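Report on the following structure.
The values are calculated or read from the model by the stated rules, or taken from the named source; none is laboratory data. Just so it is clear, the structure is predicted and the values come from calculations on it, not from any experiment. Cβ sites come from the backbone with ideal geometry, for glycine too, and all protein chains shown count toward neighbours.
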């Protein structure tokens, strides 16, 4: 799949932002006043910034409001509804914490559930697609949620939780990669089933339909070299999990925490790039690309 | 509404005969022509006369080589467009309700004024039947020429999809695949029509007729063959001498 920068930025930043908002909603840390304002500002900047980035890849962003209508069937629509509901609920909770020094438990809890619900919907947009076997697993939402909650714990300064959640997210990432590498072969979709000619012999793409490229090839036939994939996976693991973990184990300092956050973001962005770049869409079979 | 209808009154679709298709691409041209000049946003081209031309097409013809375990390889021309699936995954993922499947005839359509161009429906389609138009920023797909098949301004003979009307080999057929007594249903039954990627669970309405088995050579008797047998088993003259001399080394 084509790794569109807008979608990589969106899933990375929004995931982290909603992770932080979820922690804040649960009262970790139970901050008030200006400190609460700073925490909520960071959470909103990440979550809303990501959401805005996601509209850049739309053909008609001016019609984006229509996307709230089909929540009964569409995970993308559910994501939109959940994100707006989460942002509104957390705004109410945040206002209480900032202006009145109050923590309204129920509103915070609802906000946290909606924040994580948004991340779950984002992941389900990918996990629902039978056309991309690497994505079609409940490990995908598990991984997205683990990354969001771990990153959120880091930003919220919940170091004890982060020390547990970072290894968990890293383990899920490795499990997701291992499963994903065999997923396409396991799906049973081949050029033989794609053409219905597989029972007659070995099918080979002889001639493409056009001499030039097209939307399908640009969008779905992107493939990343195995050598680079291994390098990028190591980088994602190192920056995203190992380095932040080492930094938070050390005695607390704001500089180290900042480095941990930046490193984590870079690592997650690299793994998110791979999430798209390594994903093989079955339509590539028709073009002899798998 | 992007939920799929439980049942459609008709299942209009195409039957494509892989045995007859000659790979001339006339259907591709007819489709591009009709759907550029009629319903919806035109099918744009980018750099059509430049170094890197590309464009939007609703129908593309691939060619595949099938190599059986024994015998000669076979070339199969393979037109591919929207299969108007019963369980169309492209419809349910649409966040705006722009994609829908019609209850009256089962045609899968895009309401272009509601499409935000997110591309998720193209991701959900295993067949590559949907293409985002680079100029319009909306998703384009086969409409089964919905503006021809019910169009009473056209002569009756033209009330079929443009690809079917133009096919010079008669490799494309249009009809109601939900009616077991229709010509297309009978054709599918007689020729063993098949689904593409049945494991994806999309239940395509369009069917493909597999190429017929090639005739064998076993039964053929050629009365002239005996006259083509070699007349001399042993080489004579200079060649014979050379053969004997070289054998000795």
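Scanning the range A:131-167 for residues being assigned to a loop (DSSP other than H, G, I, E, B), farther than 19 Å from residue A:18 by Cα and touching a residue at least 60 places away in the same chain (Cβ under 8 Å) gives a total of 5. The residues in the range A:202-239 that are within 14 Å of chain B (Cβ to nearest Cβ) and assigned to a loop (DSSP other than H, G, I, E, B) can be counted, and the count is 9. In the range B:36-55, the qualifying residues are those that are facing chain A (nearest Cβ under 7 Å) and part of a loop (DSSP other than H, G, I, E, B), and the one that is surrounded by the most Cβ atoms within 10 Å (Cβ to Cβ) is B:53. Taken together, the residues in the range A:53-76 that are part of a helix (DSSP H, G or I), modelled with pLDDT under 95 and over 23 Å from residue B:133 (Cα atoms) amount to 1. Residues that are facing chain B (nearest Cβ under 9 Å) and not in a helix (DSSP H, G or I) are absent from the range A:95-103 altogether. Can you find a residue that is part of a loop (DSSP other than H, G, I, E, B) and more than 7 Å from chain B (Cβ to nearest Cβ) anywhere in the range A:254-277? So far as the range A:254-277 goes, no, none of its residues is part of a loop (DSSP other than H, G, I, E, B) and more than 7 Å from chain B (Cβ to nearest Cβ). When the test is whether a residue is under 14 Å from residue A:162 (Cβ atoms), assigned to a loop (DSSP other than H, G, I, E, B) and either at pLDDT below 95 or more than 14 Å from every other protein chain (Cβ to nearest Cβ) (or both), residue A:245 does not pass it. Looking across the range B:56-79 at every residue that is more than 7 Å from chain A (Cβ to nearest Cβ) and not in a loop (DSSP other than H, G, I, E, B), the one that is surrounded by the fewest Cβ atoms within 10 Å (Cβ to Cβ) is identified as B:74.
Residue A:188 - would you say it is facing chain B (nearest Cβ under 9 Å) and in contact with a strand residue (DSSP E or B) (Cβ under 7 Å, 6 or more places away or on another chain)? Spelling it out, it is not the case that residue A:188 is facing chain B (nearest Cβ under 9 Å) and in contact with a strand residue (DSSP E or B) (Cβ under 7 Å, 6 or more places away or on another chain).
To keep it simple, each residue is scored yes or no on (1) modelled with pLDDT under 95; (2) within 30 Å of residue A:147 (Cα to Cα); (3) surrounded by fewer than 20 Cβ atoms within 10 Å (Cβ to Cβ).
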| position | (1), (2), (3) |
| --- | --- |
| A:165 | no, yes, no |
| A:168 | no, yes, yes |
| A:171 | no, yes, yes |
| A:175 | no, yes, yes |
| A:180 | no, yes, no |
| A:203 | no, no, no |
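Reported count of residues in the range A:191-200, each being facing chain B (nearest Cβ under 7 Å) and at pLDDT below 95, is 1.
The single condition from (1) more than 14 Å from chain A (Cβ to nearest Cβ); (2) under 30 Å from residue B:13 (Cβ atoms); (3) free of Cβ contacts under 8 Å to residues at least 24 places away in the same chain that residue B:205 fails is (3).
Is it the case, given these coordinates, that residue B:13 is away from every other protein chain (no Cβ under 12 Å), out of contact with any strand residue (DSSP E or B) (no Cβ under 9 Å at 6 or more places or on another chain) and not in a loop (DSSP other than H, G, I, E, B)? For residue B:13, the condition - away from every other protein chain (no Cβ under 12 Å), out of contact with any strand residue (DSSP E or B) (no Cβ under 9 Å at 6 or more places or on another chain) and not in a loop (DSSP other than H, G, I, E, B) - is not met. Can you tell me which residue among B:96, B:20, B:8 is in a loop (DSSP other than H, G, I, E, B) and within 12 Å of chain A (Cβ to nearest Cβ)? Criteria check complete, one pass: B:96.
Okay, residues lined up against (1) out of contact with any strand residue (DSSP E or B) (no Cβ under 8 Å at 6 or more places or on another chain); (2) more than 9 Å from chain B (Cβ to nearest Cβ); (3) more than 18 Å from residue A:18 (Cβ to Cβ):
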site: A:32; (1), (2), (3): yes, yes, yes
site: A:37; (1), (2), (3): yes, yes, yes
site: A:52; (1), (2), (3): yes, yes, no
site: A:73; (1), (2), (3): yes, no, yes
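Being in a helix (DSSP H, G or I) and either touching a strand residue (DSSP E or B) at 6+ places or on another chain (Cβ under 7 Å) or closer than 23 Å to residue B:124 by Cβ (or both) is the requirement here; does residue A:79 meet it? Judged against the criteria, residue A:79 is a match. Of everything in the range B:133-142, what is in contact (Cβ under 8 Å) with a residue 40 or more places away in the chain and either facing chain A (nearest Cβ under 7 Å) or surrounded by fewer than 21 Cβ atoms within 10 Å (Cβ to Cβ) (or both)? Give them in sequence order. Those that are in contact (Cβ under 8 Å) with a residue 40 or more places away in the chain and either facing chain A (nearest Cβ under 7 Å) or surrounded by fewer than 21 Cβ atoms within 10 Å (Cβ to Cβ) (or both): B:134, B:135, B:136, B:138. The set of residues from the range B:12-24 being surrounded by fewer than 20 Cβ atoms within 10 Å (Cβ to Cβ) and under 10 Å from the mean Cα position of the chain (by Cα) comprises just one member, B:23.
Screening the range B:102-128 for residues that are surrounded by 24 or more Cβ atoms within 10 Å (Cβ to Cβ) and more than 9 Å from chain A (Cβ to nearest Cβ) and picking the one that is farthest from residue B:60 (Cα to Cα) gives B:106.
Here is the figure for the range B:143-169: residues that are in contact with a helix residue (DSSP H, G or I) (Cβ under 9 Å, 6 or more places away or on another chain), in contact (Cβ under 8 Å) with a residue 60 or more places away in the chain and more than 14 Å from every other protein chain (Cβ to nearest Cβ) total 12. Tell me whether the range B:16-28 contains one or more residues that are under 30 Å from residue A:73 (Cβ atoms) and out of contact with any helix residue (DSSP H, G or I) (no Cβ under 7 Å at 6 or more places or on another chain). Yes, the conditions are met somewhere in the range B:16-28.
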